[in-house]
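J.: The structure under discussion is supplied below as structure tokens; questions concerning it will follow.
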Amino acid sequence: MGNLRYKFQLHDRQIGAFAGPAITGSGGKCIVTASGSQAKATLYDSAGAALANPISLTRGGGEFYTASTVTEVDLFILTGEGFSVQLWDVGPDELHTVSVNRDNRHQMLIIPISVADQVSDNTEVDTGLDLIVGMVMLPWPHIKVETIDAGETVDVGTGQAVPADGGDANGYIAAASVATAGLVKDVDGALIALIITEIAAPDSLTWTMSAGSDTATLYAFLPYMLMYTGSPTID
């Protein structure tokens, strides 16, 4: 059973010296990794039962437990409205306020990727995050390689193998090399070649490592804009 408790709540950006009002809209997911790791952490609920990673947000917040060895975590959040925010080096046993600037329509989705999360070799992995209507994906996504894997590559796209999605598994990043540490730019994804791609229906975001990958860890950076209007939900 996990015995370290983590809890966070989304808030609108700070107003002066005070946190903005809580964001309580529906939807949203959060990928949790151990601090500095790109692999998904093993999570538990308060009763010690296994908890899916990413977790689903409830009224703009989340709560989970980890084993005692995971003393800090990184959070990769995609809100129900499509805003992307990260919180790094989060400690347990307090309520963390996650500030979201909902005036900023230019966004960057950051996805941790690790071969440790593969189900099997050269198989598409569903991140658990869904791109939503109103997101317009922009050109020039990047990856940042943390642990190299000589001769190997990574694809990032939408759920080709995910039931009912029928997407393009290398639509955003196509065969980007993970053989050298650092930033790698990719402009070869078929969807990016269209200059901008509007998400017309929710799409599962996925990644796929090439056959034989066994060490690679990295982050994928996907720039996008939010193209919708409407009133946010706040307390």
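J.: Please work out which residue is modelled with the highest pLDDT, limiting yourself to the stretch 188-211 and to residues that are exposed (fewer than 12 other Cβ atoms within 10 Å of the Cβ) and more than 30 Å from residue 22 (Cα to Cα).
T.: Taking the stretch 188-211 first, the residues exposed (fewer than 12 other Cβ atoms within 10 Å of the Cβ) are 195, 200-201, 211.
From what is left, the residues that are more than 30 Å from residue 22 (Cα to Cα) are 195, 211.
Details: 195: 49, 211: 97.
Out of the qualifying residues, it is 211.
J.: Given the residues 126, 130, which is the only one that is touching a residue at least 60 places away in the same chain (Cβ under 8 Å), assigned to a strand (DSSP E or B) and in contact with an Asp or Glu (Cβ under 7 Å, 6 or more places away or on another chain)? Working first, answer last.
T.: Working: 126 fails: in contact with an Asp or Glu (Cβ under 7 Å, 6 or more places away or on another chain).
Result of the check over 126, 130: 130.
J.: Also: List the number of the failed condition for residue 36; all other conditions in (1) touching a Phe, Trp or Tyr at 6+ places or on another chain (Cβ under 6 Å); (2) over 18 Å from residue 129 (Cβ atoms); (3) of a type in the set (Gly, Ala, Ser) hold.
T.: Looking at each condition in turn, residue 36 falls short on (1).
J.: Same structure, new question: Report yes if residue 119 is of a type in the set (A, V, I, L, M) and under 18 Å from residue 33 (Cα atoms), otherwise no.
T.: Spelling it out, residue 119 is indeed of a type in the set (A, V, I, L, M) and under 18 Å from residue 33 (Cα atoms).
J.: Tally up the residues in the stretch 1-38 that are within 20 Å of the chain's Cα centre (by Cα) and assigned to a loop (DSSP other than H, G, I, E, B), please.
T.: Filtering the stretch 1-38 down to residues within 20 Å of the chain's Cα centre (by Cα) leaves 6-12, 23-38.
With the extra rule that they be assigned to a loop (DSSP other than H, G, I, E, B), the set shrinks to 24-27, 35-38.
Of the residues in the stretch 1-38, 8 are within 20 Å of the chain's Cα centre (by Cα) and assigned to a loop (DSSP other than H, G, I, E, B).
J.: Got at least one residue in the stretch 50-72 being in contact with a Phe, Trp or Tyr (Cβ under 8 Å, 6 or more places away or on another chain), loosely packed, with under 14 Cβ neighbours inside 10 Å and not assigned by TED's automatic domain parsing to the domain that holds residue 125?
T.: yes
J.: Scan the strands (runs of 3 or more DSSP E) fully inside the stretch 47-96 and keep the ones with 1 or more residues being β-branched (Val, Ile, Thr) and under 23 Å from residue 227 (Cα atoms).
T.: Values: elements: 61-66, 73-79, 84-90.
Output list reads 73-79, 84-90.
J.: I'd like to know if the stretch 139-146 contains one or more residues that are over 13 Å from residue 222 (Cα atoms) and surrounded by fewer than 16 Cβ atoms within 10 Å (Cβ to Cβ).
T.: Here is the first cut: in the stretch 139-146, the residues over 13 Å from residue 222 (Cα atoms) are 145-146.
Filter again for surrounded by fewer than 16 Cβ atoms within 10 Å (Cβ to Cβ), leaving none.
No: the stretch 139-146 contains no residue that is over 13 Å from residue 222 (Cα atoms) and surrounded by fewer than 16 Cβ atoms within 10 Å (Cβ to Cβ).
J.: Return the residue satisfying two criteria in turn: it lies in the stretch 87-98 and is surrounded by 17 or more Cβ atoms within 10 Å (Cβ to Cβ) and either under 18 Å from the mean Cα position of the chain (by Cα) or among the hydrophobic types (A, V, I, L, M, F, W, C) (or both), and of such residues it is modelled with the lowest pLDDT.
T.: My answer is 98.
J.: Being assigned to a loop (DSSP other than H, G, I, E, B), surrounded by 13 or more Cβ atoms within 10 Å (Cβ to Cβ), modelled with pLDDT of 80 or more and not hydroxyl-bearing (Ser, Thr, Tyr): is that true of residue 179 here? Quick ask: steps written out before the conclusion?
T.: On the way: assigned to a loop (DSSP other than H, G, I, E, B): yes; surrounded by 13 or more Cβ atoms within 10 Å (Cβ to Cβ): yes; modelled with pLDDT of 80 or more: yes; not hydroxyl-bearing (Ser, Thr, Tyr): yes.
For residue 179, the condition - assigned to a loop (DSSP other than H, G, I, E, B), surrounded by 13 or more Cβ atoms within 10 Å (Cβ to Cβ), modelled with pLDDT of 80 or more and not hydroxyl-bearing (Ser, Thr, Tyr) - is met.
The values are calculated or read from the model by the stated rules, or taken from the named source; none is laboratory data. None of these values were measured; they are calculated from a predicted model. Because the Cβ atoms are built from the backbone with ideal geometry, glycine has one as well, and the counts that use them run over all protein chains shown.
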